[in-house]
Structures are given as structure tokens and as C-alpha cells.
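Colleague: This is the structure I have questions about; it appears just below.
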Amino acid sequence: MATSTDPDDRPLVEAAQADPRRFVELYERYVNRVYAFAARRVGNRAAAEDVTSEVFERALANLRRFEWRGSPFVAWLFRIAANVIADRWKELAHEAFDAPADEAVSYDDDVERRAIVFQLVDRLPDVQRRVIEMRFVEGKSIRDVAEALQRSEGAVKQLQLRALENLRKSMGHHG
């Protein structure tokens with residue numbers, strides 16, 4: 001699995017910006033992470049597949065406008081995913097009833113908070129980030145994570161605890 005700080009991201013993005021046919025490399029690298037992100041939020045396989053498809057469609061359409069701003073490429077994809085999900089929530093809410101304006105704002109606030117959390121997760125040390133992603137995005141058990149990382153279950157619990165403490169501290173700095 002590519003890491004969020006993978007030095008290969010920049011050349012892949014630049015190649016895809018120059019030749020959209022090269023976008024498939026970015027798609028293959030991140031489709032599983034984007035799908036896991038979407039599945040965790042929508043709780044429905046078909047909807048998660050639709051969200052994932054739309055994310056990569058939007059990413060490809062807007063790739064020429066992507067600029068490096070200190071965040072990894074995958075954070076941009078997660079931001080698109082959060083926006084796609086928010087758009088779907090708003091659409092469902094609008095279809096079900098005419099939501100008051102303050103409820104629509106709360107959706108935007110929630111999406112913004114989630115985007116910040118995912119950016120903060122991407123800044124964690126690599127092994128902590130991997131534990132958080134496997135546990136909370138992919139929904140794996142401590143045992144499964146321990147096997148995947150070739151560590152003891154106790155070590156995975158410690159890594160998870162440290163990662164969550166780091167996230168709490170970072171979130172405190174972001175309000």
C-alpha cells in the first residue's frame with residue numbers, strides 16, 4: 001500500500017496532468033482507500049461504489065487544477081469524497097423534506113471536521129496511520145491488524161492509543 005507521503009505521488013500526478021490516460025495509476029493506487037472511506041460513511045456497498053466512482057470522475061475532471069499545497073494527493077481525494085457524500089446527504093435530505101438552512105450548515109460543518117480529521121490522520125507517523133486506517137476505515141480487528149503489521153496485539157493497541165492521543169492533541173490545535 002502506498003503511504004500518504006509516498007514520493008511517487010508527485011511524478012504520478014504530474015504525468016496524469018500531462019496525459020489523462022496515466023490517471024489509471026493513481027486510480028489503482030487509491031481506489032481501495034477511497035472506497036473504504038466512502039463505505040465507512042455511507043454504510044451501503046452500492047452507495048460506496050457510486051461515491052468512489054464519482055470521486056475518481058471528479059478527480060480526473062479537475063486534475064489539471066490540482067496543486068501541491070503541503071497535503072498528500074490522497075487527502076485531496078478524501079476531500080472530494082467528503083464533498084460527494086455531503087452532496088448526497090443534502091440531496092436525500094432535500095428529497096425527504098425541505099431542511100431548514102441551519103441543518104444544511106451542520107452537514108457542511110461535519111464534512112469539514114471529517115476532512116480535517118483525515119488530514120490529521122495522514123500526518124501521523126506511518127505505522128500509527130496504518131493502524132488507524134485498518135481499524136477505523138477498513139474495520140479490521142486488533143488481531144487482523146497485528147497479523148498484517150506482523151506485531152503483537154498489545155503493540156497494535158499501544159500504537160492505536162498513541163495515534164488517538166496524537167489526533168486529540170492535533171485536533172485541539174484546530175479547535
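Colleague: By average Cβ neighbour count within 10 Å, what is the ranking of 14-20, 35-41 from highest down?
Modeller: In decreasing order of mean packing, 14-20, 35-41 become 35-41, 14-20.
Colleague: Given H placed 1.01 Å from N in the peptide plane, which residues other than close sequence neighbours of K140 have an amide H under 5 Å from its amide H?
Modeller: Those qualifying (amide H under 5 Å, at least 5 residues apart or on another chain) are R135.
None of the figures in this text is laboratory data; all of them are computed from the coordinates on show. These figures come from a predicted structure and were not determined experimentally. A quick note on method: Cβ atoms are made from the backbone with ideal geometry, for glycine too, and the neighbour counts reach across all protein chains shown.
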